[in-house]
Amino acid sequence: MTDIVRPAPRPMPRAEVMQISAYVSGESKIEGVNRIIKLSSNEGAFGPPPSAQAAFVKVASEMHRYPDGGSNALRRALGERFGLDPERIVCGTGSDELIQHICHIYAGPGTDILMTMHGFSMYQISGTYSGARVIKVPEKNLCTDVDALIANVTPETRVVFIANPNNPTGSLLPQSEIERLRAGLPDDVLLVLDAAYSEYVDDPDYDAGAKLVDAGGENTIMLRTFSKVFGMGGMRVGWMYAPAKVIDAMNRVRGVFNVNIAAQHAAVAALAEPGWVETSVAHNKTWREWLRAALEAVAIKTWPSVGNFFLADFESDARAKQANEYLKSRGIIVRGVAGYHLPTMLRITVGTEEECRLVAAALADFQAGK
Ligand SMILES: *Cc1c(COP(=O)(O)O)cnc(C)c1O
C-alpha cells in the first residue's frame with residue numbers, strides 16, 4: 001500500500017470537468033434596489049398558472065412521500081394534451097437533466113457533439129462533461145446553417161443539438177430545413193430538437209419535433225419544458241418525446257425520483273389551466289413587437305425573434321455594457337450574452353405590458369444620454 005505512488009496530493013476532477021465554464025444564469029438581484037424587473041431568464045410574463053400554484057399548496061402535506069418515479073399522471077396528461085403516446089415520454093428535472101443524460105448515453109470520450117455557434121450553452125456544458133468534443137458550427141445571420149452542420153459531421157459525430165426556436169438568438173429554422181438536416185445526417189446520429197419555446201411559434205408549417213420522432217428513424221428526440229410559457233422554471237420540469245429505444249436507455253440512467261411530487265402535481269394542473277398558453281402567446285406577440293419597435297424608434301437595432309425574448313444590438317461591446325448598467329440602475333435586469341459570443345447585444349425577455357413600457361422608457365433615456 002504505502003509504496004504505491006499516487007499521482008496527485010488530493011482528489012482530482014477529470015480534466016474535462018475543469019474545461020467547463022459554469023453556466024451563468026440570468027441575474028436576479030441588484031444591490032440596493034427593492035423592486036426588480038427581471039427580464040433575464042425568459043420565465044414567462046405572467047408567473048405560474050393559478051391552478052399550478054393551488055396544486056403545489058395542496059400537495060404540501062404529502063411531501064414525506066416519494067414521488068411517482070415514472071411521473072405517470074404527468075405523462076398521461078402530456079400524451080392527451082399533445083396527442084402523443086405516454087409510453088414514449090420521459091419527464092426530467094427540467095430538460096437540462098435530459099440534455100445531460102443524452103450526452104452521457106450517446107456521446108462521451110472520443111466522440112463529437114455538434115451544436116450551433118450561438119446555441120444553448122447547456123449543450124456545451126453537458127457535452128464536455130460527458131467527455132465528448134463539442135463543436136460549435138457557424139450560423140448564417142444568427143440562424144442555424146444546415147449545410148454547415150452536415151459539413152461538420154465526422155465518423156465520430158454522435159449527437160446534434162438544435163434549439164428551435166433558438167435561445168438566445170430567437171431565430172427559427174423552417175420545418176423544411178429541419179427535415180433537410182435530418183435527411184443529411186447519418187442514421188446513427190441522434191438529432192435533438194429542443195423545443196423549449198415551441199408554444200410561441202405561429203408558423204403553420206412548424207412542428208416542435210414529434211413528426212420527425214414518429215418518422216421511424218429511431219434517431220430524433222423532441223425536448224420540451226414547463227419553464228417558459230408555463231412559468232414554472234422553479235419547479236424544474238421538462239420532458240422528452242423519443243423513440244422506444246431512447247426511452248429505454250434514458251429510464252436506465254435518469255434520476256429515479258427525478259421529478260418531485262410538487263412539480264408533478266403542479267405540471268398536471270398547469271396543463272389544465274384554461275387558456276393559459278393562448279393568452280400568454282397572444283400577449284407575447286403583441287408586446288415583443290411593440291418593444292422591438294420602441295427600441296428601433298430610438299435607433300437600437302433589434303433582431304427578429306419568434307420566442308418570448310429578443311436580442312437588442314447596440315453594435316459595440318462598450319455600448320451594450322453601458323446599456324446593461326443603465327438598465328440596472330433603473331432596477332431592470334436583462335441578459336448579457338457576451339458568453340454566447342454576442343458581446344454587442346443584450347437579450348431581453350418580454351414581460352408584462354408595464355415592464356415592456358419601463359424597458360422602452362429606460363432605453364429611450366439611455367439613447368438620449370439622460
Ligand atoms: C430554458 C431552456 C431550456 C431549459 O429548460 P429547463 O426545463 O428549465 O431545464 C432548454 N433549452 C433551451 C433552449 C432553453 O432556453
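Any residue at all in the stretch 53-72 that's within 22 Å of the chain's Cα centre (by Cα), away from the ligand (no atom under 16 Å from the Cβ), open to solvent by less than 20 Å² (accessible area, probe 1.4 Å) and not assigned by TED's automatic domain parsing to the domain that holds Gly331?
Within the stretch 53-72, none of the residues are within 22 Å of the chain's Cα centre (by Cα), away from the ligand (no atom under 16 Å from the Cβ), open to solvent by less than 20 Å² (accessible area, probe 1.4 Å) and not assigned by TED's automatic domain parsing to the domain that holds Gly331.
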Answer with yes or no whether Glu315 is acidic (Asp, Glu), farther than 30 Å from Ile135 by Cα and surrounded by fewer than 16 Cβ atoms within 10 Å (Cβ to Cβ). no
Filtering strands (runs of 3 or more DSSP E) wholly in the stretch 90-184 for at least 1 residues that are crowded, with 22+ Cβ neighbours inside 10 Å and of a type in the set (Gly, Ala, Ser) gives 157-163
When you check Arg182 against the structure, is it more than 30 Å from Trp287 (Cβ to Cβ) and basic (Lys, Arg), yes or no? yes
Inspect the stretch 319-341 for any residue being more than 17 Å from Ala368 (Cβ to Cβ), open to solvent by 10 Å² or more (accessible area, probe 1.4 Å) and in a loop (DSSP other than H, G, I, E, B) and give the result as yes or no. yes
What strands (runs of 3 or more DSSP E) completely inside the stretch 185-273 contain at least 1 residues that are of a type in the set (Gly, Ala, Ser) and closer than 24 Å to Gly26 by Cα? 238-241
Considering each residue of the stretch 207-231, count those that are open to solvent by 10 Å² or more (accessible area, probe 1.4 Å), within 16 Å of the ligand (Cβ to nearest atom) and out of contact with any helix residue (DSSP H, G or I) (no Cβ under 6 Å at 6 or more places or on another chain), and give that number. 3
Just to be sure, is Gly83 out of contact with any Cys (no Cβ under 7 Å at 6 or more places or on another chain), at pLDDT 95 or above and within 15 Å of the ligand (Cβ to nearest atom)? no
Return the residues of the stretch 244-269 that are touching a Gly at 6+ places or on another chain (Cβ under 8 Å) and open to solvent by less than 10 Å² (accessible area, probe 1.4 Å); say none if nothing qualifies. Val259
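The values are calculated or read from the model by the stated rules, or taken from the named source; none is laboratory data. What you see is a predicted model; the values in this text were computed from it and never measured. Here Cβ is always computed from backbone atoms with ideal geometry, including for glycine, and neighbour counts include all displayed protein chains. Side chains included, ligands, DNA and RNA excluded: accessible areas come from the protein's heavy atoms. Shrake-Rupley method; radii C 1.70, N 1.55, O 1.52, S 1.80 Å.
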